[in-house]
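*Asks:* Would you mind keeping the following structure in view while I ask a few things?
The values are calculated or read from the model by the stated rules, or taken from the named source; none is laboratory data. All of these numbers come straight from a predicted model, not from anything done at the bench. Here the Cβ positions follow ideal geometry from the backbone for every residue, glycine too, while neighbour counts run over all protein chains shown. The protein model used for the area step is the full one, side chains on, heavy atoms only, and it has no ligands, DNA or RNA in it. Shrake-Rupley method; radii C 1.70, N 1.55, O 1.52, S 1.80 Å.
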Amino acid sequence: MPDPLAPETRLCLDLALTVRHDGHGGVADDLSDTGGLTAWVRDHPEAVPDAGRWVAAEGDLTAVRELRAAVRALFAHTVRPAEPSPADAARLLPVPDALARLNDAAARTPTVPVLRWDDGAEPTVRRHAPGGAEDLTATLAQAAIAFLTGPDRQRLRACHAPRCVRYFLKEHPRQEWCKPSCGNRARVARHHERHRSTV
């Protein structure tokens, strides 16, 4: 069983996974409006101080969606030579543009490392803005940078099961899909394809 994910890795992956299959052959966007972003942040209290009372504005939504596009473009770059998620394939940002967007967002709030060491636990570090004023997009960009430069990046894959648009971290050598249900759909699709080609 793999080690637990670093908080930055989980935050970065969860941001990318706000683009998902809608269950009807299309793609759903959990960040389609400010209400969706507000709900997502409230489900991710590590994203901003006092996340339970945070409310998204239109500018926040635009900034986070632009950052997500950069993150997903860099995810597609990471999984090469494999294909990117089908949700991204036709509209990927060029890598230099994605890097610039990510780095610009990360620079919005300078941070310092803060060490935490609870009794009986291993020491951990989290980056905090001096004075406590953290920008959501900067926090997400810094989490993405931590993930993309960390060891978990090597495990990143795009799921190519029919209708899936997710990225996932490979947990064991034979894993090909993000979830067992995707594996089942892929096997059924292959079975139908073989059956059709023999008829």
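*Asks:* Work out Dmax and Rg for region 101-176 from the C-alpha atoms and quote the Rg first, both in angstrom.
*Replies:* Rg and Dmax of region 101-176, Cα atoms, are 16.4, 47 Å.
*Asks:* May I ask for the equivalent-ellipsoid semi-axes of region 40-93, computed as the square root of five times each C-alpha gyration tensor eigenvalue and listed largest first in whole Å?
*Replies:* 28, 12, 8
*Asks:* Restricting to Cα atoms and excluding each atom paired with itself, what does the Kirkwood estimate give for region 50-141 in Å?
*Replies:* Result for region 50-141 stands at 15.3 Å.
*Asks:* Something else now. Can you give the three extents of the C-alpha atoms in the chain along their principal axes, from longest to shortest, in whole Å?
*Replies:* Projected onto its principal axes, the Cα set of the chain covers 69, 42, 33 Å.
*Asks:* Of all accessible surface on region 29-69 at a 1.4 Å probe, what whole percent is carbon and sulfur?
*Replies:* About 48 percent, which is the carbon plus sulfur part of the accessible surface.
*Asks:* Which residue, P151, A57, V41, has the largest displacement toward the positive end of the dipole of the chain when charges sit on each Cβ (Lys, Arg +1; Asp, Glu -1)?
*Replies:* Of the candidates, P151 comes out farthest on the positive side.
*Asks:* Give me the dipole magnitude in Debye, nearest 20, for the chain about the Cα centre, with unit charges on the beta carbon: positive for Lys and Arg, negative for Asp and Glu.
*Replies:* Here the size comes out at about 1100 debye.
*Asks:* Taking the chain as a Gaussian network, where each spring joins two C-alpha atoms under 10 Å apart, which residue of R65, R163, R53 fluctuates the most?
*Replies:* Comparing R65, R163, R53 in a Gaussian network model of the chain, the most mobile one is R53.
*Asks:* Once label points are set 7 Å from the Cα along Cα→Cβ at both R174 and A28, what is their separation, rounded to one decimal in nm?
*Replies:* For R174 paired with A28, the spin-label model returns 3.1 nm.
*Asks:* Rounded to the nearest 0.05, what FRET efficiency do D119 and W54 have when you use their Cβ-Cβ distance and R0 = 25 Å?
*Replies:* According to the calculation, E is roughly 0.25.
*Asks:* Where does helix 7-16 land angle-wise versus the long Cα axis of the chain, in degrees 0 to 90, nearest 10?
*Replies:* Approximately 50 degrees, to the nearest 10.
*Asks:* Separate question: Percentage of Cα-Cα pair distances in region 1-68 greater than 13 Å, rounded to whole percent?
*Replies:* 67 percent
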